[in-house]
Amino acid sequence: MTAFALAAQEREWCARVRALAVERLVPLAERGAPGRVNRPLVAALGELGLLARVFPEGGPVRVLDLCLLRETLAQVSTDAETALALQGLGACPVFWSGSAAQRARWMPEVVAGRAVAAFALSEPDAGSDAAALSLAAEPDGRAPDGSPRWRLTGEKCWISNAPGADFATVFARTGGAPGSRGVTAFLVPADRPGLTGAPLEMIGPHPVGTLVFDGVPVTRDDVLGEVDRGFGLAMRTLNLFRPSVGAFAVGMAQAALDAALAHAASRTAFGGPLKDLQSVSHQLAEMATRTEAARLLVYAAATAYDTGAADAVRRAAMAKLFATEAAQYVVDAAVQIHGARALRRGHLLEHLYREVRAPRIYEGATEVQRTIIAKELYREA
């Protein structure tokens, strides 16, 4: 296949996922408490084998599969989509760089949906500038075998699945070097002494909170990968998920477009259906064009990543940038076509309107993506 066409089996798989989501995941999502981890939903993602697609046996996930999964789920249930994505984000560093003991302890539980993961990178003063993180891993002597020990002190903020996760991938400063050097990734179980947190009330319904570290003990056995090399692991994780954030946005845009098309065909105004008004039909055409352009950028970026293309980073940034901005436009336009009914609490578009804003910020804001694209253009030149 090319970057711009899906094979028949891929389309059939997406249709099966969509049907499963409608039957099994939507009811569980609707019963969840806003802003809290929905464990029955996460468990269902495991039971249906969808988390196993994110962490396949024998090799890394195919990014195109991840994008198709996130796009398909987003069209039906953004709660289910986000629950799956957060598991992937929090556990990928363990899947890639965890020790045999760490992987044996946590990955089967994550894949089964029995353990919930968090990715703890952002801080109150280190969001888009992730390299400015200040959570300190202070030396705390040596273990009996001579390996180092630390205590984590500081705060993480805007952490998905916090504080309800069973463990977090935590990035802390072990070295004195500024910027990205001297950062180490730790796997920190939720029951460690000194670790607390609180939920944050956000515009969207997903679990987001703070994590506070008051001398939390960690040892060499908790390190993911190499000491002082954790920032690269964080960036590798974000680079993997960046195209699929675009896929999430495409799924929301498609849901909004479908709703707008159905409403324009059935709603009568000024003596005929809305779809016969040129202003509305042209708006729908623009919405469809932007959605399809975003989809193609996402598929191209995913294929570039999967094939190891030299321009994969640039394509991923382009896909994330364009798709999230396009989804914002499409959802807003769909609200306009629906009018006041779309602003009522519980309407699909009211839900999407709140959902669509955050992806333009998290995992690299729009402005950060433009910076990445420019840097990659200069590098390629």
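The values are calculated or read from the model by the stated rules, or taken from the named source; none is laboratory data. As the structure is a prediction and not an experimental result, all values here were calculated from the model. Cβ coordinates were reconstructed from backbone atoms using ideal geometry, including for glycine residues, and neighbour counts include every protein chain displayed.
For the condition aliphatic (A, V, I, L, M) and at pLDDT 95 or above, L6 does not qualify.
Could you check the range 136-227 for strands (runs of 3 or more DSSP E) lying wholly inside it with 2 or more residues that are surrounded by 24 or more Cβ atoms within 10 Å (Cβ to Cβ), of a type in the set (A, V, I, L, M, F, W, C) and assigned by TED's automatic domain parsing to the domain that holds A126?
Values: elements: 136-142, 148-160, 167-173, 183-189, 195-199, 208-219.
It comes to 148-160, 167-173, 183-189, 208-219.
Here is a yes/no grid of residues against (1) farther than 27 Å from L297 by Cβ; (2) out of contact with any strand residue (DSSP E or B) (no Cβ under 7 Å at 6 or more places or on another chain); (3) loosely packed, with under 15 Cβ neighbours inside 10 Å:
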{"residue": "R11", "(1), (2), (3)": "no, yes, yes"}
{"residue": "C14", "(1), (2), (3)": "no, yes, no"}
{"residue": "L41", "(1), (2), (3)": "yes, yes, no"}
{"residue": "T78", "(1), (2), (3)": "no, yes, no"}
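Would you mind finding the one in R36, R24, R11 that is on the phi < 0 side of the Ramachandran plot, among the basic types (K, R), in contact (Cβ under 8 Å) with a residue 40 or more places away in the chain and out of contact with any Cys (no Cβ under 8 Å at 6 or more places or on another chain)?
On the way: R24 fails: in contact (Cβ under 8 Å) with a residue 40 or more places away in the chain; R11 fails: in contact (Cβ under 8 Å) with a residue 40 or more places away in the chain.
Just a single option satisfies the conditions, and that option is R36.
Looking only at the range 247-279, how many residues end up being exposed (fewer than 12 other Cβ atoms within 10 Å of the Cβ) and not hydrophobic (A, V, I, L, M, F, W, C)? Qualifying residue count for the region: 6. Considering each residue of the range 97-112 in turn, none proves to be modelled with pLDDT under 95, surrounded by 16 or more Cβ atoms within 10 Å (Cβ to Cβ) and assigned to a loop (DSSP other than H, G, I, E, B). None of T72, T82 is over 24 Å from G197 (Cα atoms) and hydroxyl-bearing (S, T, Y) except T72. Would you check if A234 is part of a helix (DSSP H, G or I), within 28 Å of S77 (Cα to Cα), in contact with a strand residue (DSSP E or B) (Cβ under 7 Å, 6 or more places away or on another chain) and among the aliphatic types (A, V, I, L, M)? Yes: the conditions hold for A234. Quick check: anything in the range 253-274 under 23 Å from Q369 (Cα atoms), within 17 Å of the chain's Cα centre (by Cα) and modelled with pLDDT of 95 or more? Yes; the residues of the range 253-274 include at least one that is under 23 Å from Q369 (Cα atoms), within 17 Å of the chain's Cα centre (by Cα) and modelled with pLDDT of 95 or more.
Quick test for you: out of A293, A312, pick the one residue that is modelled with pLDDT of 95 or more and either among the charged types (D, E, K, R) or out of contact with any Lys or Arg (no Cβ under 8 Å at 6 or more places or on another chain) (or both). So that I can check it myself, show each step before the final result.
Details: A312 fails: modelled with pLDDT of 95 or more.
None of the other options fit; the residue is A293.
V61 meets the stated requirement of being touching a residue at least 60 places away in the same chain (Cβ under 8 Å), surrounded by 14 or more Cβ atoms within 10 Å (Cβ to Cβ), in a loop (DSSP other than H, G, I, E, B) and not charged (D, E, K, R).
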